[in-house]
Amino acid sequence: MPYLTQLADVARRVGVPVTEVAGWKTRGHGPQPEVQGVVCHHTAGPAGGGDYPSLAVVRDGRPGLDGPLSHFGLGRSGHIYVIAAGRCWHNAPSTSPRHDNSSSIGIEAENDGRQPWPEAQKAAYIRLCAELCREFALPASRVKAHREVNTSKPDPHSIDMNAFRRAVAALLDGGTSPSWTEEIMKQLPMVRLGDDNYDVKTVRGCLFARGRVPVSAYEQVGLEDWLKSTRYDSGLVELVRGFQQAEGIEEDGFVGPGTWPSLLRV
């Protein structure tokens, strides 16, 4: 199995903000050999200090254990951080051959090991696990707590994993086929610098509707002419990048599968 470069797309199906951590598509201890399970962790990080203060440790590692330590980070707000596409050192030794480093995906949720779980974070945790099960054709039973597949670990603290898996299973049972809006998204074109077509007008109109176009962008030509322009110029690239940053999308300046849903609000 190659590096899992679809993980950001899987995360976006959860419906929460997603940050693609720079370099994630090539980060890992080699490619991920297979995906047979999902392992849920808590970071045991600081009690305060923001949404995901453990990012640097999960990405880069700690003394005695090189990063990446997990494929995903999950912030207190439910924000998902895509950290690595390759193999991660998140569970060893494992008591399950389907949940070791070479056969499972790890999720490190921000929690110091004692804090109550915010509802938004727990809901995103369940939905992310469901989308991973859907992507890799896994039953909900393959979602395990770290403590269930490693006898020396306590995480994720206080989560009833039987109830957690029932919630994952309910999401899987509730819809295994893409919605009609998801199908439309797949058919939309990639729009980028240098293009000259009516899709560019759609991008301009959506950016304006989302409040992402300052007056300075169109004051020389007028708003009507700016909106009618079919040219994807350098100014539009910067506006798209600003929108992507605000939405937690990879800031590549292109409008493709990762950006269209946020632009169109589907």
Give the peptides 92-100, 250-258 in descending order of average Cβ contacts within 10 Å, highest first. 250-258, 92-100
For labels at L193 and Q245 in the simple 7 Å Cα→Cβ model, what's the distance in nm? 1.6 nm
Lysine pairs meeting the criterion (Cα under 29 Å, 8 or more apart or interchain), as found in the chain: 11
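Suppose we keep just the DSSP beta bridges with both residues in the range 1-153; what percent of those would be antiparallel, to 5?
Values: 5 of 20 bridges.
Beta bridges within the range 1-153, antiparallel portion: roughly 25 percent.
Tell me whether the range 20-89 comes out rounded, prolate or oblate; compute the Cα gyration tensor, take square roots of the eigenvalues as a ≥ b ≥ c, and use a/c under 1.5 as the rounded threshold.
Working: a/c = 1.69, a/b = 1.49, b/c = 1.13.
Prolate, since a/c reaches 1.5 and a/b exceeds b/c.
To the nearest 0.05, what FRET efficiency results for L227 and K153 with a Förster distance of 51 Å applied to their C-beta separation? Write out the running numbers ahead of the final one.
Working: r = 55 Å, r/R0 = 1.08.
That gives a FRET efficiency of 0.40.
Using Cβ contacts closer than 10 Å as the measure, can you line up V38, V57 from fewest to most? Show your work: numbers first, answer last.
Values: V38 25, V57 18.
Least to most surrounded, the residues fall as V57, V38.
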Ranked from fewest to most other Cβ atoms within 10 Å of their own Cβ, R27, R241 fall in the order R241, R27
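Percent antiparallel among DSSP beta bridges with both residues in the chain, to the nearest 5?
Working: 7 of 22 bridges.
Antiparallel bridges: around 30 percent, rounded to the nearest 5.
For the range 180-264, what Kirkwood radius comes out of the mean inverse Cα-Cα distance, in Å? Can you show the working numbers first?
Values: mean 1/r = 0.0774 Å⁻¹.
Computed over the range 180-264, the radius equals 12.9 Å.
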Across bins of 10 angstrom width beginning at 0, how are the C-alpha pair distances of the range 7-174 distributed, in whole percent? 11, 45, 39, 5, 0
Could you work out the helix-only [θ] at 222 nm for the chain, with each DSSP H run of four or more residues adding -39,500 (n - 2.57) and the total divided by the number of residues, to the nearest 500 deg cm²/dmol? -10000 deg cm²/dmol
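Any read-out appearing in this document is the output of simple, stated calculations on the displayed coordinates, not a laboratory observation. The shown structure was predicted, so the numbers you read here are calculated from the model rather than taken from an experiment. Don't worry about glycine lacking a Cβ; one is built from the backbone with ideal geometry, like all the others, and counts go over all protein chains shown.
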